[in-house]
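For reference, the structure is listed below as structure tokens.
The values are calculated or read from the model by the stated rules, or taken from the named source; none is laboratory data. Note that the structure is predicted; figures quoted are calculated from it, not measured. Note: ideal-geometry Cβ built from the backbone for every residue, glycine included; neighbour counts use all protein chains shown. Heads up: the accessible areas ignore ligands, DNA and RNA and are worked out on the full protein's heavy atoms, side chains in. Shrake-Rupley method; radii C 1.70, N 1.55, O 1.52, S 1.80 Å.
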Amino acid sequence: MIISMRLHATREEIDGVRARIEEFGYRVHSIDGEERVVIGVVGVGDVTACLESLEAMPGVDRAVRISAPYKFVSLEFRPTKTEITVGDVTIGGDEFVMMAGPCSVESERQILESAEIVARGGAKILRGGAFKPRTSPYDFQGLELEGLKLLDKARRVTGLKIITEVMSDRDVDMVAEYADILQIGARNMQNFSLLKTLGKCGRPILLKRGMSSTVKELLMSAEYVVAHGNPQVMLCERGIRTFETVTRNTCDIAAVAALNELTHLPVILDPSHATGKRSLVPALARAGVAIGADGLIVEMHPHPEKAVSDGAQSLDPKQFAQMMRDLQPYIELWKSSRVKETASAV
Ligand code: PEP
Ligand code: MN
């Protein structure tokens with residue numbers, strides 16, 4: 001923190017500020033200028049409380065934070081990307097990782113069929129919600145435990161890893177028993193008791209950006225999980241809410257590049273929820289590869305017209321296979337630039 005005193009602040013005011021800083025457990029480095037005193041504050045503690053307190057003190061002009069409030073997840077803290085390994089799949093390494101499957105787990109037949117289709121297309125991870133965060137309480141809420149068991153069956157049949165959403169801290173243990181990766185949905189990005197519980201769940205987390213959240217708030221939420229003991233977090237851009245109505249959400253594609261400058265955590269793009277329209281998904285998927293995401297999470301349904309949720313944005317099996325083929329040259333370029341980045345980071 002840097003505390004800039006007002007012009008001609010009195011010695012008493014300056015000493016008061018120094019004393020307050022020390023009460024918070026920080027060390028003081030002051031620079032006496034001709035007219036203005038600037039105080040540098042170093043140490044570890046509750047920066048927000050300290051800043052708020054100092055700003056309210058007589059003689060203080062401005063109090064500003066210098067280092068990022070998200071410490072563990074920042075690129076300064078760890079300059080090389082976090083690699084998250086689930087079985088034979090590594091996210092954040094030199095493979096571009098595809099996660100795909102239906103929005104919701106609906107039946108045994110539907111999830112097994114989906115798993116086979118996405119595996120054939122080259123996906124390594126099967127998505128499917130057993131707990132669904134629906135805007136209306138009258139909409140399908142998910143098969144819950146039965147859905148988790150069906151995902152487990154699909155894993156055994158295909159060898160795919162499983163990602164599925166957990167909505168409540170009450171369900172974390174149950175979902176962690178079945179899932180390889182726990183998904184935290186946009187609506188729960190700032191559910192702080194859930195985030196704290198995830199710190200102890202022993203599974204990697206995919207944390208989706210809240211629909212009205214900033215990139216920094218996303219990083220602060222990731223910091224919760226890491227600070228509570230779980231460093232295996234990946235972030236997901238899934239579009240934010242704006243005045244635009246042509247797409248379901250507005251994909252903040254630059255957030256992927258911005259996150260890569262700010263954090264070492266892997267970044268995943270969800271082109272399905274970002275657009276809400278299956279016709280737009282392949283183009284946005286290409287953009288995700290090009291801009292340096294570590295992977296994609298895409299909705300695919302064997303019969304989108306029969307889907308109980310998000311049918312309009314789900315690719316059908318042919319479209320999924322086509323998208324995967326079309327992405328190949330982009331993924332090759334992605335791989336060669338990733339090798340160069342890794343070499344220059346070493
Ligand atoms: C989902 O992945 O189906 C979902 C509900 O996503 P989001 O939380 O991004 O809306
Ligand atoms: Mn969905």
*Pick from segment 6-28 the residues that are open to solvent by 100 Å² or more (accessible area, probe 1.4 Å) and not in a helix (DSSP H, G or I): which of them is farthest from residue 49 (Cα to Cα)?*
8
*Please name all residue pairs, on different chains or six or more residues apart, with Cβ atoms under 7 Å, provided the first residue is in segment 95-108 and is among the small types (Gly, Ala, Ser) and the second residue is in a strand (DSSP E or B) and open to solvent by less than 20 Å² (accessible area, probe 1.4 Å).*
100/127; 100/298; 100/300; 101/126; 101/127; 101/300; 104/129
*Name the pairs whose Cβ atoms lie under 8 Å apart, with the first residue in segment 159-183 and under 15 Å from residue 206 (Cα atoms) and of a type in the set (Lys, Arg), the second open to solvent by less than 10 Å² (accessible area, probe 1.4 Å) and within 14 Å of ligand 1 (Cβ to nearest atom), and 6 or more positions between them or separate chains?*
161/125; 161/126; 161/181
_So if I check each of 100, 56, which one is surrounded by 15 or more Cβ atoms within 10 Å (Cβ to Cβ) and out of contact with any Cys (no Cβ under 9 Å at 6 or more places or on another chain)?_
100
*Would you mention how many residues in segment 59-79 are small (Gly, Ala, Ser), open to solvent by less than 70 Å² (accessible area, probe 1.4 Å) and assigned to a loop (DSSP other than H, G, I, E, B)?*
2
*Counting only residues that are open to solvent by less than 50 Å² (accessible area, probe 1.4 Å) and either closer than 14 Å to residue 117 by Cβ or in contact with an Asp or Glu (Cβ under 7 Å, 6 or more places away or on another chain) (or both), how many does segment 317-346 have?*
6
_Residue in segment 126-146 that is nearest to residue 320 (Cα to Cα), counting only those that are out of contact with any helix residue (DSSP H, G or I) (no Cβ under 7 Å at 6 or more places or on another chain), within 13 Å of ligand 1 (Cβ to nearest atom) and not polar (S, T, N, Q)_ = 127
*If residue 134 satisfies every condition in (1) closer than 24 Å to residue 97 by Cβ; (2) not in a helix (DSSP H, G or I) but one, which is the exception?*
(1)
*Options 223, 237; residue that is within 16 Å of ligand 2 (Cβ to nearest atom), open to solvent by less than 30 Å² (accessible area, probe 1.4 Å), in contact (Cβ under 8 Å) with a residue 24 or more places away in the chain and over 22 Å from residue 160 (Cβ atoms)*: 237
*When you go through 285, 290 one by one, which is the residue that is within 16 Å of ligand 1 (Cβ to nearest atom) and either open to solvent by 40 Å² or more (accessible area, probe 1.4 Å) or in a helix (DSSP H, G or I) (or both)?*
285
*Residues that are surrounded by 19 or more Cβ atoms within 10 Å (Cβ to Cβ) and more than 16 Å from ligand 2 (Cβ to nearest atom), drawn from segment 185-202*: 191, 194, 195, 197, 198, 201
*Unmet criterion (only one of (1) assigned to a helix (DSSP H, G or I); (2) open to solvent by less than 50 Å² (accessible area, probe 1.4 Å); (3) under 30 Å from residue 235 (Cβ atoms)) for residue 82*: (1)
*(1) charged (D, E, K, R); (2) more than 16 Å from ligand 2 (Cβ to nearest atom); (3) out of contact with any Gly (no Cβ under 6 Å at 6 or more places or on another chain): which one isn't true of residue 83, the others all being true?*
(3)
*Any idea which residue in segment 120-135 is least open to solvent (accessible area, probe 1.4 Å), counting only those that are more than 14 Å from ligand 2 (Cβ to nearest atom) and of a type in the set (Gly, Ala, Ser)?*
123
*Please tell me if residue 70 is touching an Asp or Glu at 6+ places or on another chain (Cβ under 7 Å), aromatic (Phe, Trp, Tyr) and touching a residue at least 24 places away in the same chain (Cβ under 8 Å).*
yes
*In segment 250-278, which residue that is hydrophobic (A, V, I, L, M, F, W, C) and touching a residue at least 60 places away in the same chain (Cβ under 8 Å) is farthest from residue 316 (Cα to Cα)?*
262
